[in-house]
1. Leaving ligands, DNA and RNA out of it, work out the accessible area of residue B:238 with a 1.4 Å probe and give it in Å² to the nearest 10.
2. Just to make sure I understand: if all protein chains stay in place, what is the order of A:172, B:29 by accessible area at 1.4 Å, largest first?
3. For the rotation that superimposes chain A on chain B, which residue of A has the C-beta lying nearest to the axis, and at what distance in Å?
4. How well do other chains shield peptide A:75-81, expressed as the mean number of their Cβ atoms within 10 Å of each residue Cβ?
5. For peptide A:230-242, compute the average count of partner chain beta-carbon atoms within 10 Å of each residue's beta-carbon.
6. Taking a temperature of 4 °C and a viscosity of 1.567 mPa s, what whole-number D in µm²/s does Stokes-Einstein yield for the stretch B:1-135 with Rh from Kirkwood over alpha carbon pairs?
7. Looking only at the stretch B:84-179, where both bridge partners belong to it, what percent of the DSSP beta bridges are antiparallel (to the nearest 5)?
8. Give the accessible surface of chain B per residue, rounded to a whole number of Å², with probe radius 1.4 Å and ligands, DNA and RNA excluded.
Protein chains: 2
Amino acid sequence: MASIKNLIVGCGISGASLARKLAEAGEQVVIIDAKDHIAGNCHDYNDNGIMVQKYGAHIFHTNDKEVWDFLSRFTDWYPYQHKVLGLIDGQFVPIPFNLNSLHALFPGFMADELEKRLLENFGLNKKIPILQLRKTGNKDLEMLADYIYEKVFLQYTLKQWGLAPDQIDPNVTERVPVYTGRDNRYFAADKYQGIPAEGFTEMVRKMLDHNDIQVKLNTPFDKTMEYKQLFYTGAIDEFFDYFWGELPYRSLRFQFAQYNFPKFQQSAVVNWPCNYDWTKSDEHKYFLNDQSDKTIISYEYPEAFQRGVNERYYPIQNDESASLYSKYLEQAKSLKNVHFLGRLGDYKYYDMDKAVARVLELVKEIAK
Amino acid sequence: MASIKNLIVGCGISGASLARKLAEAGEQVVIIDAKDHIAGNCHDYNDNGIMVQKYGAHIFHTNDKEVWDFLSRFTDWYPYQHKVLGLIDGQFVPIPFNLNSLHALFPGFMADELEKRLLENFGLNKKIPILQLRKTGNKDLEMLADYIYEKVFLQYTLKQWGLAPDQIDPNVTERVPVYTGRDNRYFAADKYQGIPAEGFTEMVRKMLDHNDIQVKLNTPFDKTMEYKQLFYTGAIDEFFDYFWGELPYRSLRFQFAQYNFPKFQQSAVVNWPCNYDWTKSDEHKYFLNDQSDKTIISYEYPEAFQRGVNERYYPIQNDESASLYSKYLEQAKSLKNVHFLGRLGDYKYYDMDKAVARVLELVKEIAK
């Protein structure tokens with residue numbers, strides 16, 4: 001692979017977006033991925049008429065019109081509105097916790113009372129951290145804050161991050177929200193959301209379908225590869241052979257099940273904060289409203305990331321890992337012809353839109 | 001085309017109605033259209049059992065019995081009752097905003113309170129401009145007025161007309177209605193409404209099916225054509241070679257999608273005031289209650305009208321365009337044997353019934 005001008009490592013949404021932008025700027029691009037498929041963690045595939053998201057629920061959502069318009073060149077969108085239900089006290093109620101959750105879970109007169117208190121204190125359609133409820137001095141709202149903390153947040157978070165209760169950062173508590181309205185959508189604040197009408201993989205395939213882009217799958221990066229510019233979306237600590245130590249990640253294991261009936265749950269994603277060891281179940285047919293007598297579910301089990309065993313998913317962000325990452329970042333800056341990007345390259349929990357926005361910014365910087 | 005007595009330009013509902021009326025009065029008529037189909041913007045076609053309205057949702061509705069009776073000679077009517085839902089705060093609620101919308105969106109006790117205030121102030125089943133709500137001095141009704149303005153009107157209007165918020169004429173605000181009743185129908189005030197049982201195109205075809213009417217498609221008007229009387233339903237500014245300048249229009253782009261499931265939305269038309277760049281999605285099978293395992297949707301994207309690029313849809317009516325139009329109108333009056341009519345000829349946003357009423361009037365005038 002001598003004489004490669006631009007080498008992109010990683011064929012996820014970051015790498016693919018970058019490949020396209022570079023190719024359209026007249027550059028020759030080779031993009032490689034160690035895996036046997038494109039589209040990284042948003043990879044999906046059709047299983048007997050059901051589009052299955054291999055690495056868990058991915059819903060594209062953004063307020064960034066530039067990003068939306070860029071991706072819309074490669075796909076139509078199914079205008080899916082994401083809703084999440086959580087099994088709380090035996091009922092599947094909207095998450096984040098809102099007025100509909102309140103009425104589903106509490107006896108009528110209590111729900112009415114709490115609703116009035118919430119609206120008096122905070123107004124309609126506001127996202128209020130439960131810490132604010134505690135500060136009102138109202139006993140009922142304090143009780144509600146405790147309820148939400150315990151039933152919606154605490155046990156879910158313990159599973160998600162594999163922590164013991166005393167390891168929970170108290171500051172995190174403040175951020176657990178209650179929504180003082182009836183909008184059940186998970187991404188209520190985003191103007192644009194959807195699932196690519198033919199799936200994420202097809203969208204990425206169209207992006208990569210350009211004369212000046214060469215795709216090589218089953219091709220891990222190795223240091224002997226030659227290039228003029230390298231764009232690396234893999235783990236930055238791995239790139240530097242873990243010189244400063246290993247950046248911590250949380251991983252996920254997916255257990256798939258196929259059931260011989262049409263519908264398993266009432267929304268694409270259900271959270272199970274209080275039961276089982278999985279955090280979520282994803283029913284894939286919801287994303288594109290696929291019609292089938294069967295249904296395919298994936299149960300998401302959070303687990304420790306282990307090199308060579310499973311995949312990196314969520315950066316575990318704390319002071320220690322921030323300080324570690326900053327050392328790698330410093331080292332990265334010394335390499336003139338290497339750019340890091342993507343969730344693993346930047347060690348940031350990017351949503352898909354932020355990953356693409358980062359690419360669009362990077363391309364503008366390079367053009368200067 | 002020498003010796004033509006009556007030449008009608010444009011085969012939409014105006015031109016076709018006129019052709020029929022003239023033919024029935026004993027006149028020889030030639031009617032031409034630049035397009036390859038009849039029925040203008042209410043053209044529809046059968047796609048595997050679903051009647052698709054090519055240029056967006058057209059629902060015939062009127063209180064004019066003469067117009068209804070005239071059209072009813074050429075079609076039976078499917079008694080479709082038009083309803084529009086809008087995605088507001090995560091729910092598809094009736095538009096125009098009514099008491100059902102109120103109860104869907106607001107917490108129970110607030111909805112009850114607002115409903116009482118509305119009915120005390122305005123009575124049952126009234127269409128009230130939100131400006132009236134502001135004038136009551138009641139804080140709750142003011143809040144409701146602001147809510148409707150923001151969530152139902154403002155963002156929709158910005159998309160529809162391609163405006164910035166500060167370009168909104170404040171007087172327009174006054175006209176945004178709230179309906180103090182539970183009638184979800186969009187045309188609640190109209191005695192007659194429906195969709196031609198075999199489609200608009202077939203209705204127009206029957207109209208034109210007369211020995212003294214000759215139809216020529218793919219035939220743009222040109223100045224060398226000879227006639228004794230010309231009836232022109234095209235754009236009046238184009239007729240005069242844009243002598244006084246171009247009359248402004250807003251255009252639409254339709255993005256069609258076919259989905260492999262029976263129902264996409266809960267009404268024929270859904271408004272998306274707060275999400276996406278389209279204003280509406282139309283699900284065509286609703287109009288005639290077509291049964292199919294599939295469904296066909298058109299998303300309506302408003303866009304600037306550009307000559308030669310897209311079609312004229314909505315006259316952009318303001319002082320400037322009114323003054324411009326009046327110059328063309330003056331010029332038109334000097335031509336003794338040329339009549340202008342239709343949405344483009346009269347530069348008016350006619351509903352279909354008003355376009356036909358205009359024809360019936362014109363024919364009476366001519367007969368005098």
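The values are calculated or read from the model by the stated rules, or taken from the named source; none is laboratory data. It should be emphasised that the depicted structure is a prediction, and the values quoted were computed from it without experimental measurement. Heads up, the Cβs are rebuilt from the backbone with ideal geometry, glycines too, and the neighbour counts pull from every protein chain shown. Just the protein is used for accessible areas: all its heavy atoms, side chains included, with ligands, DNA and RNA removed. Shrake-Rupley method; radii C 1.70, N 1.55, O 1.52, S 1.80 Å.
1. Only protein atoms counted, so the area is about 80 Å².
2. On the way: A:172 40, B:29 5 Å².
I get A:172, B:29, largest accessible area first.
3. A:108, 8
4. Details: counts 0, 4, 4, 3, 12, 0, 5.
Average neighbour count from other chains, rounded to a whole number: 4.
5. 0
6. Working: Rh = 19.5 Å.
Calculated translational D: 66 µm²/s.
7. Working: 8 of 9 bridges.
Percent antiparallel among DSSP bridges in the stretch B:84-179 is about 90.
8. Details: 16650 Å² over 368 residues.
Dividing the accessible area of chain B by its residue count gives 45 Å².
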